[in-house]
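S.K.: One structure, pasted below without further comment.
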Amino acid sequence: MGLTSLEKIIALQRNPANIRNLCILAHVDHGKTTLADCLVASNGIISSRLAGKLRYLDSREDEQIRGITMKSSAISLHYRHGDQEYLLNLIDSPGHVDFSSEVSTAVRLCDGAIVVVDAVEGVCPQTQAVLRQAWLENIRPVLVINKIDRLIIELKLTSQEAYTHLQKILEQVNAVTGTLFTSKVLEERAEKEKEEEKDSETSSGKQVYDWSAGLEEADDSHLYFSPDQGNVVFASAMDGWGFSIQQFAHIYSQRMGIRAEVLLKSLWGDFYLNAKAKKIMRGAQAKGKKQLFVQLVLDNIWSLYDAVVTRRDKEKVEKVVTSLGLKVMARDSRHSDPKVLLSAICSQWLPVSQAVLSMVCEKLPSPLDMTAERVEKLMSVGARQFDSLPKQTQELKRAFLQCSSGAIAPAIIFVSKMFAVDTKALPQNRQRPLTQEEIAQRRELARQRHANRMTAEQTAAESCMSQDGQLTGHSTGKMESLTLKDSKPEEEEEHKETFIAFARVYSGVVKKGQRVFVLGPKYDPTQGLSMLPEGCSASDCVPEVPHLSCCSMESLYLLMGRELEELEEVPAGNILGIGGLEDCVLKSATLSTSPACSPFTPLNFEATPIVRVAIEPKHPSEMPKLVRGMRLLNQADPCAEVLIQETGEHVLVTAGEVHLQRCLDDLRDRFAKIEISASKPIIPFRETVVRPPKVDMVNEDLGKQQKVAIIHQVKEEASQGRSSDTLLVDPSGLVTLTTPNRLATVSVRAIPLPQEVTHLMESNTELIRTLEHLNMSLREGKSLDVSLRTLEAIAGLKAQLESLLRGRKWRNAVERIWSFGPRRYGPNILLNSVEGYQRPSVWQCLARGDKAGEAGAQAAVIRDFDNSIASGFQLATLSGPMCEEPLMGVCFSVERWDIQSSALPQHQDSLKDDSISHETLGDSVVERSTEPSEQAEGTAAGPGQASRRPDAASVDCYGPVSGQLIAAMKEACRHAFQAQPQRLMAAMYTCEIMATAEVLGRVYGVLGKREGRVLHEEMKEGTDMFIIKAVLPVAESFGFAEEIRKRTSGLASPQLVFSHWEVISSDPYWVPTTEEEYLHFGEKADSANQALKYMNAVRRRKGLYVEEKIVEHAEKQRTLSKNK
């Protein structure tokens, strides 16, 4: 098929029934970009000979060097299938785990996906991840089993063994899909049961319990991949061939006289051909016969490879070519590389593009086939249900499903990412080919310019000989400097980056220059509709609405891989690029002409950014350029995060080493264009406390005396730092601290939380944040419309916490939760154990009835300075005493909190006193100025609360008492933390390594050296590959992939994904105390302490005091001979 014109593609865009939006998903190096090359070559954009070698969609230089895709890029292809013409918007996505965020951006815009699986490696970790991403976005996948040539050439399997191997791969892929389906059915079943329970509570009578899981009735036949369903293609993209069994069923039905439908059902499966009876019969395996698929399909391919590649039998090749009726060029048949001849034959006999594209057209849905379930899922942002959205918003669902391009249909566009393009690459700035007249004109101009220059030089030479040579020289110099100055801004302009939005139109027609609303992720259509006048459009003068802004789409582009084509308008159902949104959209956004549209749900990112580096320019004067460059990088990368720390460092957070390297290269060469220096990766740690250990470091039982001795030792250390009259550490670990003005006393105890509770709080941070927001609104006397689902989720969290926090010391603990921290939603708890202090519960939003009135009655119970205690706890959990890292899994129980009644009158007297000090005046000014900002942060008592409590107004909640109480609470928490056995927690990666048996030992060696721990290993059936699953500290992971590849000569490559936080078992402050420990470790015990090493590294980086001996025994060595 020849090159398709732009007019043809524009015409095809208007028919959404024949549009297919699809992406290619797979594990790294399974052949996505090679397959994309074959599909691109079918449109004549690149030569079919270069398909697989050119990697057309890998347009970045580092992608070509590394041989992996790093960004998702789109291209529009035209395909004629039968009498229908189709437009395929194809997106190639990366397979490396570091760039899985790019996969999320691609999947959101598509309706279907091609999942590519390597025939040798089978299902790999990233294959499972992409199948899960496709499942979460409700898009339909089809399967391509690629690299089948490796089974013939590398593994040297027979056709019968290859058939068994392919069956196993299909089973593996279907098993992944099956688990996703099962979990969905069980979730739905659980929800159904909840509703039934509610119904049963209202209705009386006996209940018959249904024991079925709901899996029997659920229809999952359409989910699985099976060649006879037509959603599987077997291919070798590198050799240019691929087929579905429909093609062979069609060929053999003509030759054998058997109906194509019969062959289609029996070509894959346990069927064989009975030559005598001329019938297809079942039970090939039991009777030891060849399956139809082996006999009719694989044997032909195997014999072709045998003739062309293995034996190079020219006669047989000629026979095959003539029997298939193919034309092979003489230069291909004479080529020294047999693969050239092979691909020349195969690409004509079984072209891979035809097999894949016809499967895509038949099996993948068009934009018109979008399910109602997917639309509801897209529009239900946060905890809100689709039914609770405004009526106008729910009516937009029809516009989605109709995918209408009518004049009245509202335009709805989703931008999944922003990508940077060199301004020179834009169509309006691209150089167009010159006509003959223009070439002649330019030639004449050049001749004229040359003649002028020659005459100017002659006159200059003559004038130099004359006396006024100086003046002429001066003016010439002046002219040269002027031309230089003029050319500089042009050069700067040339290298400018332009941002283009990677988007899809879900409804309506998008026109160039059209104005639309930009809906932020927190935009609420209910609020927007109430604030905006009816029938308001984005071109009108719009009043201020939170999270809503307007912008115009300056230019529209058709994405064609490395190139862009300018468009005037784009109808619904198409993928496009939009220019001119860089000031309105940061990374992703929802655009619409209707303010009733709700923002789409945020993208599901598989990888969490964890690798941090601090960046600074080589020359400090270039700091503004770096700041601008980092802002552009933040916009251009969906996963990278840029932040400025309290220390003033500019920190870049990325998903892994390869991602970090790409971001630094981009910053250097594209966005900042300056020399930068990056620090060593900043490794995050967490601090926690554990239960006192029962055994010492040599696994001997610890006596009670030892424990007491250790606590006494901690107490002594603590009391050295603070004067003993304000600080008291109890042997049981209770810390009592008095404020410097002797007006308040706080007693705090630190208790380690069970691991399950920490995990639960970590996984529910968004929910805890919502809970805190609700409580803040209730304290301020506001009423919030909360969806039932959110309240159910909060109640569920409470129930889970109650089931996990059991036992004597946790009695009624969930009701007594004061606050979560740090930042009010972290994995630490502040408990209210103060006798006689009943403060409102954090779960007060779950109370039924008149919520506002009930909250009002409860709020009166809050004691003065209640917020100061919570703020002190927030500060203490944000930076712990070991190395100023956040705390995790610690519960601080406030067991005593006394404020002397003189705390309040004293302060008032000082205000009334004639001799007002400047400090008091300062305090009262601060009180007034900071009140609104503090309230915004949720730390102040709300205005509603102050009006309900007249005496609260007299309390200066920003005065010195409050400040001293915050500091005292923070110090008390830190000392309580130090009174318990302290531990560091390290971030851990799960690491999946595929390696052959001969390099297994080396892989274990590298893992052992880097503190890794192997969880399990298994051998892949039918191959000599082992899959090793291990955990590895993030701190030890830098250079790990490179070292593994070096040590194993490239035969093993790891995939690292952030998994969890793990307590490092060794105590960083450990010193030998028992006799056995002295015997084992020696008096100095200077063997490597991993926790101490990490802790000191962090302290050194933060500029904190590090206790280490630089020189020991600094005496000159004396020998006997020297001593004479």
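The values are calculated or read from the model by the stated rules, or taken from the named source; none is laboratory data. Since we're looking at a predicted model, the values are computed, not measured. Neighbour counts run over all protein chains shown; Cβ positions are idealised from the backbone, glycine included. To get the accessible areas, we keep the full protein, side chains included, count just its heavy atoms, and leave off ligands, DNA and RNA. Shrake-Rupley method; radii C 1.70, N 1.55, O 1.52, S 1.80 Å.
S.K.: Going down the table (Lys522/Lys587; Lys694/Lys1109; Lys496/Lys680), which pairs top 20 Å between alpha carbons?
M.R.: Over 20 Å Cα-Cα: Lys694/Lys1109; Lys496/Lys680.
S.K.: Okay, next question. Sort Phe1058, Phe181 by heavy-atom solvent-accessible area, probe 1.4 angstrom, most to least. Could the numbers behind the result be given before it?
M.R.: Numbers: Phe1058 50, Phe181 25 Å².
Descending accessible area places them as Phe1058, Phe181.
S.K.: At a 1.4 Å probe radius, carbon and sulfur cover how many percent of the accessible area of segment 47-176?
M.R.: Numbers: 2040 of 4030 Å².
After summing per-atom areas, the C and S share lands at 50 percent.
S.K.: Just check segment 1-114 against the gyration tensor rule for me: Cα atoms, a ≥ b ≥ c as the square roots of the eigenvalues, rounded for a/c under 1.5, and otherwise prolate or oblate depending on whether a/b exceeds b/c. Intermediate values should be presented prior to the final figure.
M.R.: On the way: a/c = 2.29, a/b = 1.44, b/c = 1.60.
Since a/c reaches 1.5 but b/c is at least a/b, the shape of segment 1-114 is classed as oblate.
S.K.: Quick check: at a probe of 1.4 Å, how many percent of the accessible area of segment 733-793 sits on carbon and sulfur atoms?
M.R.: Numbers: 1400 of 2670 Å².
Answer for segment 733-793: carbon and sulfur cover 52 percent of the accessible area.
S.K.: Could you put Asp98, Asp730 in order of accessible surface area, largest first, with the 1.4 Å probe and the full protein assembly present?
M.R.: Details: Asp98 10, Asp730 65 Å².
Ranking Asp98, Asp730 by accessible area, largest first, yields Asp730, Asp98.
S.K.: Take each of the peptides 1068-1078, 982-992, 69-79, average the number of other beta-carbon atoms within 10 Å over its residues, and list them starting from the highest. Don't skip to the end; give the middle numbers.
M.R.: Details: 1068-1078: 15.3, 982-992: 21.4, 69-79: 23.3.
Most protected by this proxy first, the peptides run 69-79, 982-992, 1068-1078.
S.K.: How large is the accessible surface per residue of segment 68-116, computed with a 1.4 Å probe and reported in Å² as a whole number? Provide the component values of the computation, followed by the final result.
M.R.: Working: 780 Å² over 49 residues.
I get 16 Å² per residue for segment 68-116.
S.K.: Just the number please: accessible area per residue for segment 991-1039, 1.4 Å probe, all protein chains included, in Å².
M.R.: Working: 2140 Å² over 49 residues.
About 44 Å² of surface per residue is accessible.
S.K.: Now for a different question. Which number comes out as Rg/Rh for segment 1017-1096 once both Rg and the Kirkwood Rh are worked out on C-alpha atoms?
M.R.: Values: Rg = 18.6 Å, Rh = 16.3 Å.
With Rg and the Kirkwood Rh in hand, the quotient comes to 1.14.
S.K.: Heavy atoms only, 1.4 Å probe, whole protein assembly: order Thr745, Thr770, Thr455 by accessible area, highest first.
M.R.: Numbers: Thr745 20, Thr770 50, Thr455 75 Å².
Final ranking, largest accessible area leading: Thr455, Thr770, Thr745.
S.K.: Heavy atoms only, probe 1.4 Å: what % of the accessible area of segment 494-533 goes to carbon and sulfur, would you let me know? Provide the component values of the computation, followed by the final result.
M.R.: Numbers: 860 of 1570 Å².
Result for segment 494-533: 55 percent of the exposed heavy-atom area is carbon or sulfur.
S.K.: So how many Lys-Lys pairs in segment 1-153 land under 22 Å Cα to Cα, not counting same-chain pairs under 8 apart? Provide the component values of the computation, followed by the final result.
M.R.: On the way: Lys32/Lys53; Lys32/Lys71; Lys32/Lys147; Lys53/Lys71; Lys53/Lys147.
So the count of such lysine pairs works out to 5.
S.K.: Also, I was wondering about something else. Write down the accessible area per residue of segment 409-453 in Å², having rolled a 1.4 Å probe over the full set of protein chains.
M.R.: Numbers: 3120 Å² over 45 residues.
The answer is 69 Å² per residue.
S.K.: Continuing with this model, one more query. Can you grab the distance from the C-alpha centre of segment 22-63 to the C-alpha centre of segment 1014-1030, Å, no decimals?
M.R.: Cα centres, segment 22-63 to segment 1014-1030: 30 Å.
S.K.: Sticking with this structure for a sec: Report the net charge of residues surrounding His30, where surrounding means a beta-carbon distance below 10 angstrom and charges are Lys +1, Arg +1, Asp -1, Glu -1. Each step should come with its number before you reach the end.
M.R.: Working: positive: Lys32, Lys147; negative: Asp29, Asp118, Glu121.
Its environment carries a net charge of -1.
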